[in-house]
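**Student:** Take this structure first; my questions come after.
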Amino acid sequence: RAELRIKDMHAKLKITSAQEELWAKVAQATRDNAKTMDALTQARAGHAKDMTAVDDLKSYGEITEAHADGVKKLTPVFADLYASMSDAQKKEADTLFRHGDHKPGHRKHAPKPAEGK
């Protein structure tokens, strides 16, 4: 999944040959983050049936901390790339990060309706 996202963003952002070195750092941070998140989510899924409520909360906390750490690691390398971008590339990046892979105005993960309502 991460590799598809990296390839898709590379194409949509129209990364130039001059930007490839900066892009490589963004791609590596993305891969590293995905590897960490995959390991944690697989471990969580593998123990889901025998986790206590406390274990579940701890596992969820590890995942959310890893996600936050990943964003912190990605931000400076993406900022360097962003600074090198043309105005058109920046506009595309802003749209990609604002809306992700879905259409504007549509939430990727809409909240589930409350039971009985």
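**Student:** Exactly one of (1) closer than 17 Å to Arg5 by Cα; (2) charged (D, E, K, R); (3) modelled with pLDDT of 90 or more; (4) out of contact with any Lys or Arg (no Cβ under 8 Å at 6 or more places or on another chain) is unmet by Lys72. Its number?
**Tutor:** Of (1) closer than 17 Å to Arg5 by Cα; (2) charged (D, E, K, R); (3) modelled with pLDDT of 90 or more; (4) out of contact with any Lys or Arg (no Cβ under 8 Å at 6 or more places or on another chain), only one is false for Lys72: (1).
**Student:** Has the stretch 12-29 got any residue that is touching a Ser or Thr at 6+ places or on another chain (Cβ under 7 Å) and surrounded by 14 or more Cβ atoms within 10 Å (Cβ to Cβ)? Break it down stepwise before answering.
**Tutor:** Initially, the stretch 12-29 is screened for residues touching a Ser or Thr at 6+ places or on another chain (Cβ under 7 Å), giving 19, 22.
Going one step further and asking which of them are surrounded by 14 or more Cβ atoms within 10 Å (Cβ to Cβ), we end up with 19, 22.
Looking through the stretch 12-29, at least one residue is touching a Ser or Thr at 6+ places or on another chain (Cβ under 7 Å) and surrounded by 14 or more Cβ atoms within 10 Å (Cβ to Cβ).
**Student:** Okay, next question. Go through the stretch 1-40 and give me each residue that's closer than 15 Å to Ala68 by Cα and over 14 Å from the mean Cα position of the chain (by Cα).
**Tutor:** Leu40
**Student:** Working only within the stretch 41-70, note down all residues that are assigned to a helix (DSSP H, G or I), surrounded by 12 or more Cβ atoms within 10 Å (Cβ to Cβ) and not polar (S, T, N, Q). Don't jump to the end; show me each part of the working.
**Tutor:** Here is the first cut: in the stretch 41-70, the residues assigned to a helix (DSSP H, G or I) are 41-46, 48-50, 53-70.
Imposing the further condition that a residue be surrounded by 12 or more Cβ atoms within 10 Å (Cβ to Cβ) reduces the set to 41, 43-44, 55-56, 58-60, 62-63, 66-67, 69-70.
Scanning the stretch 41-70 gives Ala43, Arg44, Asp55, Asp56, Lys58, Tyr60, Glu62, Ile63, Ala66, His67, Asp69, Gly70.
**Student:** So which residues in the stretch 1-27 are among the aliphatic types (A, V, I, L, M) and outside any helix (DSSP H, G or I), if there are any at all?
**Tutor:** Kept after step one, since they are among the aliphatic types (A, V, I, L, M), are these residues of the stretch 1-27: 2, 4, 6, 9, 11, 13, 15, 18, 22, 24, 26-27.
Within the stretch 1-27, Ile15 is the sole residue that qualifies.
The values are calculated or read from the model by the stated rules, or taken from the named source; none is laboratory data. These numbers come from a predicted model, not from an experiment. Note that we place each Cβ from the backbone using ideal geometry, even for glycine, and neighbour counts take in every protein chain shown.
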